[in-house]
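**Q** Just passing along the structure, written as structure tokens.
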Amino acid sequence: MKKLFKILGILLILLIVAGAGFYIYLMKSFPKVEPAPTMKIEVTPARLERGNYLANHVVGCIGCHSERNFGYFAGPIAPGTEGKGGELFDESKGFPGSFYAKNITPAGIGNWTDGELFRAVTCGVDKDGEPLFPMMPYLHFGQMDKEDVLSVLAYIRTLKPIPNDVPKSKPRFPMNLIERTIPCASNFQTRPDKNNTVEYGKYLVNSASCTDCHTQQVKGKPKEGLEFAGGFEFPFDNGFLVRSANITPEDETGIGKWTKEQFITKFKVFDKPADQNNVPVSPGTFNTWMPWTYYAGMTTEDLGAMYDFLRTVKPVKNKVEKFSAIGVTN
């Protein structure tokens with residue numbers, strides 16, 4: 001019996017040593033990315049105009065890196081907080097750890113080179129080469145037109161500096177290891193011709209990361225066959241869940257019966273001065289994470305192209321209960 005315990009003890013020690021070695025290997029060797037490129041982004045009026053449009057209305061930079069006031073419907077951005085970061089996404093919101101939106105004003109990234117910023121948004125590592133949780137959708141941004149990415153970064157540099165010391169994100173185990181192994185996904189493409197509305201719409205849908213919120217996930221991975229079918233859960237602090245809509249072209253539970261005009265109007269109803277979008281929401285009543293107020297600034301042409309693309313995706317019958325108390329479904 002003593003011999004058995006001795007053998008088991010030795011095996012346990014070997015497992016601990018092997019585990020420690022594997023942990024050290026992952027922490028030291030990953031993520032495997034190239035050094036930040038040496039680059040200087042030329043600031044031009046065209047880039048600033050395009051970057052302003054993309055950052056504020058398509059790719060979500062300003063929406064995610066500012067304060068959103070969920071005392072109002074759809075959580076409009078609190079004026080004066082644009083880019084300051086600090087929003088916490090933690091276990092209460094369904095995330096595997098505590099993740100903070102970074103301060104992307106010059107007060108937060110003023111000492112980053114253009115190459116470090118470019119690598120961060122397209123490859124998912126910070127200034128020091130440490131991994132960024134893919135809530136910052138670099139897996140999508142790395143598939144955009146490189147010129148569009150450069151335009152966004154040129155615009156970000158012009159934000160008003162807002163001092164705000166944001167805490168460091170802390171993924172819990174095993175996400176702290178998993179996020180180090182997510183591959184760099186840069187595979188830039190040329191922005192499709194607007195006349196090809198389906199391909200151009202597909203490009204915009206990727207840039208806006210629509211599939212991330214409109215697809216159910218299990219342990220961070222999309223459920224196969226349910227792409228764009230909705231049902232992704234967003235917990236609110238008041239004890240309720242909001243679920244994303246089915247945006248596949250399925251007639252009964254999706255947007256199959258929507259006309260293009262109805263789709264565009266659904267967004268454009270929020271295209272008005274900021275204070276007019278401040279519709280108070282009482283605790284315990286329906287609200288949404290869907291950032292209607294900044295997507296509303298997209299052009300009707302771009303929204304129409306997104307509609308054209310969504311008409312081509314696989315119709316999925318999936319009835320979504322959009323609002324319920326946590327732990328309660330009908």
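**Q** Would you be able to say whether some residue in the range 269-278 is over 21 Å from residue 67 (Cα atoms) and charged (D, E, K, R)?
**A** Scanning the range 269-278, I find no residue that is over 21 Å from residue 67 (Cα atoms) and charged (D, E, K, R), so the answer is no.
**Q** Quick check on the range 152-162: of everything there that is surrounded by fewer than 20 Cβ atoms within 10 Å (Cβ to Cβ) and in contact (Cβ under 8 Å) with a residue 60 or more places away in the chain, which residue is farthest from residue 188 (Cα to Cα)?
**A** My answer is 162.
Residues are listed down the side, and each one gets a yes or a no for (1) modelled with pLDDT of 90 or more; (2) touching a Gly at 6+ places or on another chain (Cβ under 9 Å); (3) not β-branched (Val, Ile, Thr):
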| site | (1), (2), (3) |
| --- | --- |
| 225 | yes, no, yes |
| 236 | no, no, yes |
| 243 | yes, yes, yes |
| 248 | yes, yes, no |
| 258 | yes, no, yes |
| 263 | yes, yes, yes |
| 273 | no, no, yes |
| 279 | no, no, no |
| 297 | yes, no, yes |
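**Q** Do you know which residues across the range 221-275 are of a type in the set (A, V, I, L, M) and either surrounded by fewer than 17 Cβ atoms within 10 Å (Cβ to Cβ) or under 18 Å from residue 202 (Cβ atoms) (or both)?
**A** Hits for the range 221-275 are 229, 247, 255, 264, 269, 274.
**Q** Kindly list the number of the only condition in (1) surrounded by 15 or more Cβ atoms within 10 Å (Cβ to Cβ); (2) on the phi < 0 side of the Ramachandran plot; (3) at pLDDT below 95 that fails for residue 24.
**A** Of the numbered conditions (1) surrounded by 15 or more Cβ atoms within 10 Å (Cβ to Cβ); (2) on the phi < 0 side of the Ramachandran plot; (3) at pLDDT below 95, the odd one out for residue 24 is (1).
**Q** For the range 217-330, which strands (runs of 3 or more DSSP E) that fit wholly inside it have 3 or more residues that are assigned by TED's automatic domain parsing to the domain that holds residue 55 and in contact (Cβ under 8 Å) with a residue 60 or more places away in the chain?
**A** none
**Q** Of all residues in the range 110-125, which are buried (at least 18 other Cβ atoms within 10 Å of the Cβ) and in a loop (DSSP other than H, G, I, E, B)?
**A** The answer is 112, 124.
**Q** Tell me yes or no: at least one residue of the range 135-151 is crowded, with 22+ Cβ neighbours inside 10 Å, among the hydroxyl-bearing types (Ser, Thr, Tyr) and more than 18 Å from the chain's Cα centre (by Cα).
**A** Yes - at least one qualifying residue is present in the range 135-151.
**Q** Looking only at the range 88-109, how many residues end up being at pLDDT 90 or above and assigned to a loop (DSSP other than H, G, I, E, B)?
**A** Result for the range 88-109: 5.
The values are calculated or read from the model by the stated rules, or taken from the named source; none is laboratory data. Being a predicted model, the structure only gives us computed values, none of them experimental. Please note: Cβ atoms are built from the backbone with ideal geometry, for glycine as well, and neighbour counts cover all protein chains shown.
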